[in-house]
Amino acid sequence: MEGSALSRPTNLTTLTSKCHPQFLNFTSPTTFLNPTNKPIPLFLTHCSTKPSTNKQTTTNENPSSIPNPVVQSKPTTLSSSSSSFSRGLIFDLGPKNSWDSLEIGSPVVKRYISDDEERWYMWYHGRSTENPNFDSIGLAVSSNGVHWDRGGGAVEPNSDVGLVMSSSKDWWAFDTHGIRPSEVVIMSSTKVRANSAVYWLYYTGFCSEKIDSLDKNERINLKSLPGLAMSQDGRHWARIEGEHHSGALLDVGSNGEWDSSFIASPQVVFHGRGDLRMFYHSFDVENGQFAVGIARSRDGMRWVKLGKILSSGDKVGFDEFGIVNPCVMRNRKDGKYVMVYEGVGANGKRSIGIAVSSDGLKDWKRVDYNPVLEQSEDCGWDSEGVGMPCLVEMDGDTEDCWRLYYTGIGKEGRSGIGLAVSKGSELKNFERWVGFHL
């Protein structure tokens, strides 16, 4: 690929906050690389002002409560004989004393294919019982996207899995009280070859400023802003400071603007040369609904907001109260944009819906006014709600053309990560995973 982009650093942690390439080339959505080369808050107010400092914002902080990593074995294989309780569940909470023993969610799933292997990466957020107030980001790997290897502590030099990024320790930063992954994009250029690419992680960071939450049952009542980190292996990350004084990429809107409350779930899509789009959600105070907005950038670091593009649906529909946690991608078959999102009902119920657009900027249309995936029945592991979706397009005209990874919530708030698959190429019909067809 051509373009004058970010030069390859000898050590990514030495990247400075002022590293602004003139132009970036991201890999095409149809290109698969081989990397083996190795519920929703509402926020209101501002983080503290950052002092004048040249301190680097690198990460690899290990929670003091987890002194040693505990490598876990693969989860039990699901089959067609799986009970109705576990239907669709592919990734459960970590064991006791692991970094993700209390909560997991926000799956960002990527499939990489080389000449000799298929490899899946899943970045996700987790919390531990020893450190219950701070979300961190971890990495699990798989050969098929169903059975995953994971780590119980911080990732080690000889391991691919485990905790890879924690909250910032800088008091002025926007992400001192938790981080959640939103999207991972692979960047390459004439100076950074595809087989040694740089991973760009867009994530949601929470700071210490408290706000009023619409849903009193929500655990999080902290303001959030979008952030960026980079890595050469997907495991060791360095924060890249944005133009906001807290290091965030964007600030909330001014009073009266639709996104003046918070910014969360930044989803970045490469549209074309010098054209990147960020989709994010916020809460429109005037209308009393969650909604999705868009911003554009030439370099992936400096962003210009374009406004709100999709909000609530039918007044009695599953997303009457708005939509959150959008996951946007381009359909390889027709080039259209596909957005899978978490719909919020008037009763607080969370379901998953899908919308499409020809250009990703306007005219978003729901594929159906019914959700494509709802919470399971009372006996299911995800009987209290489903959300935080991540859509993966498979190859060819296979029976499961689309895979939908999601966060499920069950009794007493227990969380897990599930998988649903499409029935053919249609985006309207998804069923929970029950096993491979032999």
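Quick note: the coordinates plus some simple rules give every number you see, no bench work behind them. All values derive from a computational prediction rather than experimental measurement. Note that each Cβ is placed from the backbone with ideal geometry, even for glycine, and that neighbours are counted across all protein chains shown.
Taken over the C-alpha atoms, the stretch 123-168 has Rg and Dmax values of 11.1, 33 angstrom. Of the trypsin sites (Lys or Arg not before Pro) found in the stretch 399-431, the ones in coil according to DSSP and having at most 12 other Cβ atoms within 10 Å of their Cβ are LYS428.
SER101: net charge of surrounding residues, Cβ under 10 Å, Lys/Arg +1, Asp/Glu -1, itself excluded? Overall, the nearby charge balance is -1.
Where does the charge balance sit around ARG330 when Lys and Arg score +1, Asp and Glu -1, over other residues with C-beta under 11 Å from its C-beta?
Values: positive: ARG277, ARG332, LYS333, LYS336; negative: ASP334, ASP359, GLU393.
Spelling it out: positives minus negatives among the neighbours equals +1.
Only loop residues by DSSP count here, and only those with at most 15 other Cβ atoms within 10 Å; note down the GluC sites (Glu not before Pro) in the stretch 322-417 that meet that.
Details: sites: GLU342, GLU374, GLU377, GLU384, GLU393, GLU399, GLU412; in loops: GLU374, GLU377, GLU384, GLU399.
Sparse-neighbourhood loop GluC sites (Glu not before Pro): GLU377, GLU399.
Each Cα pair of the stretch 81-161 feeds into the Kirkwood radius, which the Stokes-Einstein equation turns, at 4 °C and 1.567 mPa s, into a diffusion coefficient of 95 µm²/s.
How large is Rg/Rh for the stretch 74-432, to two decimals, with Cα atoms and a Kirkwood Rh? Before the final figure, lay out the partial values.
Working: Rg = 19.0 Å, Rh = 20.5 Å.
Result: Rg/Rh = 0.93.
Exposure proxy for THR176, THR129: other Cβ atoms within 10 Å of each Cβ, ordered fewest to most, give THR129, THR176. Note on MET230, MET388: ascending count of other Cβ atoms within 10 Å places them as MET230, MET388, the fewest first. Of the trypsin sites (Lys or Arg not before Pro) in the stretch 352-391, the ones in a loop by DSSP (not H, G, I, E or B) with at most 13 other beta carbons within 10 Å are LYS362. Pairs from the table (LYS110/LYS210; LYS333/LYS411; LYS110/LYS423; LYS223/LYS423; LYS210/LYS365; LYS96/LYS423) lying more than 29 angstrom apart at Cα are LYS110/LYS210; LYS333/LYS411; LYS223/LYS423; LYS210/LYS365; LYS96/LYS423.
What list do you get for LEU427, LEU361, LEU139 if you sort them by fewest beta carbons within 10 Å? Can you show the working numbers first?
Numbers: LEU427 20, LEU361 15, LEU139 27.
So the ranking, lowest neighbour count to highest, is LEU361, LEU427, LEU139.
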